[in-house]
Amino acid sequence: MAERKDSSESKISETKFHNWIKSGLALMHTRNGIQPFVIDEITAFQQTMYSGILTLLGIDTDSKCSACTTNAIICDKVFEKCRRRSCTSFHRECPERGLCTKVKEKIIKAHRYHGTSWMNTDAKLWCSDPWQIAKCYMPREGYSTQMSADETDFNGIVNIILNNENFAQKLSAKLTDSENIFRKPLNMMYVNGKS
């Protein structure tokens, strides 16, 4: 047991280990810095989307649909194909004159790569929780339990920026470029132990 302790202590004193700690802190601070921007933009996206859809459908602006289920999203009756091989889900139309179907269409249209993450989101909360919309733009796995921006890691936050086309209007960086500021691989902040 003493060997492991000595090994850990020697690792902690290494310059490379310090650089990893600094890199981790830099990611944390970057995430914390862009998080309010992402929250504001995804909230504006959700509100603008709902306002437009409610007006289009002639539905009262106070209407909220909470009847849709994630299964209704995965087993996609609208597009006549199921993303799972054996589907036992009950298909149900949105009771609010297709409100959730229209929201789904807008989410898909705003996704830069059309790879929407339906398994992350809870469609019952789309009307009331903008973060459930944001989760459609995160990586496909590992984000279903993140119920807020505070619970979401750097990768999830950055993927919202990369995947939701509305962010491109707010940034000077061209998000369509393969080497944009959000896609560059993380480089070591320090080379040869020098800052």
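Residues of the stretch 76-105 that are among the charged types (D, E, K, R), buried (at least 17 other Cβ atoms within 10 Å of the Cβ) and modelled with pLDDT of 80 or more: Lys102, Lys104.
Apart from one condition, Gln169 fits all of (1) within 18 Å of Phe45 (Cβ to Cβ); (2) among the polar types (S, T, N, Q); (3) modelled with pLDDT of 85 or more; the exception is (3). Applying a threshold of 7 Å to beta carbon distances and a minimum spacing of six or more residues, or different chains, the list of pairs starting in the stretch 33-52 at a residue that is of a type in the set (Asp, Glu) and ending at one that is assigned to a helix (DSSP H, G or I) reads Glu41/Asn166; Glu41/Phe167; Glu41/Lys170. Kindly evaluate Ala134 against the criterion of being under 20 Å from Glu105 (Cβ atoms) and not polar (S, T, N, Q). The answer is yes for Ala134. Selection over the stretch 120-142 of residues that are outside any helix (DSSP H, G or I) and either surrounded by fewer than 22 Cβ atoms within 10 Å (Cβ to Cβ) or in contact (Cβ under 8 Å) with a residue 40 or more places away in the chain (or both) gives a count of 10.
Look at (1) at pLDDT below 95; (2) under 18 Å from Gln47 (Cα atoms); (3) not charged (D, E, K, R) and you find that Ala134 fails only one, number (1).
The values are calculated or read from the model by the stated rules, or taken from the named source; none is laboratory data. These figures come from a predicted structure and were not determined experimentally. Reconstructed Cβ throughout: ideal geometry from the backbone, glycine too, with neighbour counts over all protein chains shown.
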